[in-house]
1. Residues of the range 229-266 being open to solvent by 20 Å² or more (accessible area, probe 1.4 Å) and touching a residue at least 60 places away in the same chain (Cβ under 8 Å), which ones?
2. Among the candidates Ala281, Ala274, Ala287, single out the residue that is outside any strand (DSSP E or B), open to solvent by less than 10 Å² (accessible area, probe 1.4 Å) and among the small types (Gly, Ala, Ser).
3. Failed condition for Ile183, given (1) outside any loop (DSSP other than H, G, I, E, B); (2) at pLDDT below 95; (3) aliphatic (A, V, I, L, M), with all others met?
4. Please indicate, with yes or no, whether at least one residue in the range 312-334 is within 23 Å of Gln264 (Cβ to Cβ), crowded, with 24+ Cβ neighbours inside 10 Å and aromatic (Phe, Trp, Tyr).
5. Could you give every pair whose Cβ atoms fall below 7 Å, whose first residue belongs to the range 361-380 and is free of Cβ contacts under 8 Å to residues at least 60 places away in the same chain, and whose second residue is assigned to a loop (DSSP other than H, G, I, E, B) and open to solvent by 20 Å² or more (accessible area, probe 1.4 Å), counting only separations of at least 6 or pairs across chains?
6. Thr51: part of a helix (DSSP H, G or I), open to solvent by 10 Å² or more (accessible area, probe 1.4 Å) and of a type in the set (Val, Ile, Thr), yes or no?
7. Give the range 383-399 a look and list any residue that's outside any loop (DSSP other than H, G, I, E, B) and open to solvent by less than 40 Å² (accessible area, probe 1.4 Å), or say none.
8. Looking only at the range 333-376, count every residue that is of a type in the set (A, V, I, L, M) and in a loop (DSSP other than H, G, I, E, B) and tell me the total.
Amino acid sequence: MSPSPNTQIKPLSFEVSADAKDVSIGGVSVASLAKSYGTPLYVLDKLTLTTMMRAYKDAFSTYPAPVNVLFAGKANLSMGLCSLIAREGLGLDVVSGGEFYTALRAGFPLERVVFNGNNKTRQELELAIGQGVGKISIDNFYEMALIHDVVQSLGQGKKVQAILRITPGIECHTHDYIKTGHIDSKFGFPLSQLNEALTQLTQQYADTIELVGLHAHIGSQIFEIRPYLDLAEVMLNLFQTIRAEFGLTLTHLNLGGGLGISYQGEDDPPSVDALAEPLIAKLISYAKEIDYPLPTLILEPGRSLVATSGVTLYQVGSIKSITEINKTYVAIDGGMGDNIRPALYGAVYSAMVANKPNEPCTRKVTIAGKYCESGDILIREFMAPESIAPGDLFLVFGTGAYNYAMASNYNRMPKPAMILVDQGKAEVLIKAETFDDLIAQDLQPA
């Protein structure tokens, strides 16, 4: 059983240079990346990313029924990433018209796309259904009626395949903001509404919607395996009840994603193998116990696929020491606009001064962003080299997920470029925004 990249902090290809004055990722010096593309800069290591994709496929390859691993696009999505995901044989989980359109324009195989989300608009549904989306996850009664109406209005003469999202009442130890499987959630049908939803789908909407399965997602950044095993049992019991009461044999079981990654050395997430083995065993044994045909398994990993492959590169600017409180602020040329997670819910990252990788780190500092907010703090307590100075390159690990995806233009700051590195070569996945990009949609009043 090989180590899973989600249990590491640094990308697989990370190396310190022989002279200990630089580090490289994907065989490319970060100093050269900063010089060529500027900072802040998102960098993705192709080796780590593809290794993680293959780890999921390999870990679940012993499941006796089909397995569809879907990349959760909300974690990080671009046309280039879509192409890479498609080549690796994965599907795609999208939650907006913009994510779906990105996949469409990238030539992604749309039959491998599942459209999630709790408030899909008519425009989004018309786009997705009209273009032949693989499946839609139905989140609520309003959406059910809207999908029915869109299918009728498009007049394509075929049903849309759907899975029903439920809240199974399973909680796990993660941040409240990223819990989604407990009953108090904006996502999915509570179990008390399941019978009514199934009645409508099998009667009122049977001519437009083909229900093929159930979907549940219990949260994000999960370090426990037990909740997934509990979820598998709950879902298979529901499959059995639905077959008995509605005569409907559902064939697709979507267990969502949520597996955690290591942001810091003390983080200890389970590897993909450590999750897959007991989960497969549970599904096989419990399906046999209740005499239910083993369903197609759908998984929607996002963070655990892409986070560790990503780093963000900054340049150090001002350094301000406040002697009265013995505190030093080290400012970088990015911050909450390119990584909102520390300000949003206290996320903590590992980092290093990339041009001084082997110097002793004995100076405690606070890494601050350049945005006009007191809460724009990237790392509250960072042990830096004593010699940290303006112009140094600051490298933050584990930023491949929910950094670019949640980036903003606050303070009218352009979003950084994203670079893919592999075997000594760098490719631009997303160009850096310019000031002209910032004003491109602006209009002057008459």
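1. Asp230, Val234, Leu238, His252, Gln264, Gly265
2. Just one listed residue meets the conditions, Ala287.
3. Against the list (1) outside any loop (DSSP other than H, G, I, E, B); (2) at pLDDT below 95; (3) aliphatic (A, V, I, L, M), Ile183 comes up short only on (1).
4. Taking every residue of the range 312-334 in turn, at least one turns out to be within 23 Å of Gln264 (Cβ to Cβ), crowded, with 24+ Cβ neighbours inside 10 Å and aromatic (Phe, Trp, Tyr).
5. Hits for this filter: Thr362/Glu386; Arg363/Glu386; Gly369/Met336; Lys370/Asp333; Tyr371/Met336; Glu373/Met336; Asp376/Met336.
6. The answer is yes for Thr51.
7. Result: Ala384, Pro385, Leu393, Phe394, Leu395, Val396, Phe397.
8. Qualifying residue count for the region: 5.
The values are calculated or read from the model by the stated rules, or taken from the named source; none is laboratory data. Model, not experiment: these values are computed from the prediction. Glycine gets a Cβ as well: all are built from the backbone with ideal geometry, and neighbour counts include every protein chain shown. These accessible areas exclude ligands, DNA and RNA; they are computed on the full protein's heavy atoms, side chains included. Shrake-Rupley method; radii C 1.70, N 1.55, O 1.52, S 1.80 Å.
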